[in-house]
Amino acid sequence: MRHLGFTVLILSLASNALAAPVGEPVAEGELPAAASGGAARLPASTMPMGVWAIQAAAGSEISGKRSLSATQSDLTLRLDIRLGLTERLQLTQLGLAYRFGEPGDVELVTDLESDGFATNARGAFFPFEFGTAARFYFSPSSSLLLGARASSVLGSENLVNWTWSAHGGWIVRVGERLTLTAGVGLVDDWDVSETPYFWRSTGARLALGSVMTIATRPLPLVSVEVLDGFFLDGYSMAKLDFNSTEITVMGGCTIQL
C-alpha cells in the first residue's frame, strides 16, 4: 500500500505539471517580456487585425518672421481613422498601408492616402500623399525611425506642385504607459509648372519635434495610455528657414476599439 500511495502521488504531481501553463500568450506584434528582462513591449507599426484606431487632435499654428515679431495664428485640426484588415495590411480613411518585417527586428511600412476629391473654378482635383518608413529596433523599448513622404495633386493643375519631406528620430517606451517620440526632418516644396524636366525648389525648411509619420499615423511627441486603449497625445513641431518660423502645438487623444 505504501508503494501504491507513493506512485499515486508521483502521477498526481506529474499531471499538475503538465496542466500548468507554460507561459502567458503573446499577441502578435509584441515581444515576450522575458526576451527583454521584463522591459516594456512595443506593438507593431500597423494596427492588429480587426482593431480600430481613432486619432484626433486640435491646436494652434503660429507663423511669422524669424523673430516672430509679426505673427499669425490659425486653428489646426486633424482626424485619422485606421483599421487593421490583416496583421500587416491597414486601411485608413482613403488609403492603405502595408508592413513588411517584424517588430523587434526591422519593419518597413509603405502607404498611400488621399484627402478625397474636391472642385474649384478650374475643375476637379485629387490630392494624394504616399510615403515609406523603416523602423529599426535596438531593444523592445527603443527604436529608430527613418522615413520619407511626398504629396501632390491630380487634376486641372496636374502634378505641378509637390511637397516632400524626410525625417528621422527615436521612439522610446518608458514603462508600460508612456511613449516619447522626437525627430528632425526637412520639408521642401517643388514647382514643376515651367517644364516637367526641371523641378524648382521654393525653399527647404528644417522641422523639429513631432515630425515623424508611419503607416499614415502622425507620431505625437508624448503619448500616455491613461486607460487600456485610451491615449492622451501631445504634439509640438517647429518649421524653420532663413526668413520665417512656423510653430504648431496640438493636444488630442487616440482610442483603440
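Would it be correct to say that THR181 is modelled with pLDDT of 95 or more and not in a loop (DSSP other than H, G, I, E, B)?
Values: modelled with pLDDT of 95 or more: yes; not in a loop (DSSP other than H, G, I, E, B): yes.
Taking the combined requirement at face value, the residue satisfies it.
Considering the stretch 202-231 alone, what residues qualify as being among the polar types (S, T, N, Q) and more than 11 Å from the chain's Cα centre (by Cα)? Talk me through it step by step, then tell me what you get.
As a first pass, look at the stretch 202-231 and keep what is among the polar types (S, T, N, Q): 202, 210, 213, 216, 223.
Selection gives THR202, SER223.
Quick check on my filter: what residues within the stretch 45-85 are of a type in the set (Ser, Thr, Tyr), at pLDDT 90 or above and surrounded by 15 or more Cβ atoms within 10 Å (Cβ to Cβ)?
Our first condition is that a residue be of a type in the set (Ser, Thr, Tyr); within the stretch 45-85, this holds for 45-46, 60, 63, 67, 69, 71, 73, 76.
Filter again for at pLDDT 90 or above, leaving 45-46, 60.
Across the stretch 45-85, the qualifying residues are SER45, THR46.
Going through VAL187, VAL222, VAL226 one at a time, which residue ends up being among the β-branched types (Val, Ile, Thr), surrounded by 15 or more Cβ atoms within 10 Å (Cβ to Cβ) and modelled with pLDDT of 95 or more?
Working: VAL187 fails: modelled with pLDDT of 95 or more; VAL226 fails: surrounded by 15 or more Cβ atoms within 10 Å (Cβ to Cβ).
Just one listed residue meets the conditions, VAL222.
Across the stretch 201-245, what is the number of residues that are part of a strand (DSSP E or B), over 24 Å from SER114 (Cα atoms) and touching a residue at least 40 places away in the same chain (Cβ under 8 Å)?
8
Starting from the stretch 165-179, take each residue that is in contact (Cβ under 8 Å) with a residue 60 or more places away in the chain and closer than 18 Å to THR213 by Cβ and list its partners that are aliphatic (A, V, I, L, M) and surrounded by fewer than 17 Cβ atoms within 10 Å (Cβ to Cβ), counting only C-beta distances under 6 angstrom and pairs at least six apart or across chains.
none
Spot the failing condition for MET250; the list is (1) touching a Gly at 6+ places or on another chain (Cβ under 9 Å); (2) modelled with pLDDT under 95, and only one is missed.
With respect to (1) touching a Gly at 6+ places or on another chain (Cβ under 9 Å); (2) modelled with pLDDT under 95, MET250 is out only on (2).
Given the options LEU257, LEU208, name the one that is at pLDDT 95 or above and of a type outside the set (S, T, N, Q).
So the residue among LEU257, LEU208 that is at pLDDT 95 or above and of a type outside the set (S, T, N, Q) is LEU208.
The values are calculated or read from the model by the stated rules, or taken from the named source; none is laboratory data. In this text, all values refer to a predicted model and were calculated from it rather than measured experimentally. Here the Cβ is made from the backbone with ideal geometry for all residues, glycine too, and neighbour counts use every protein chain on show.
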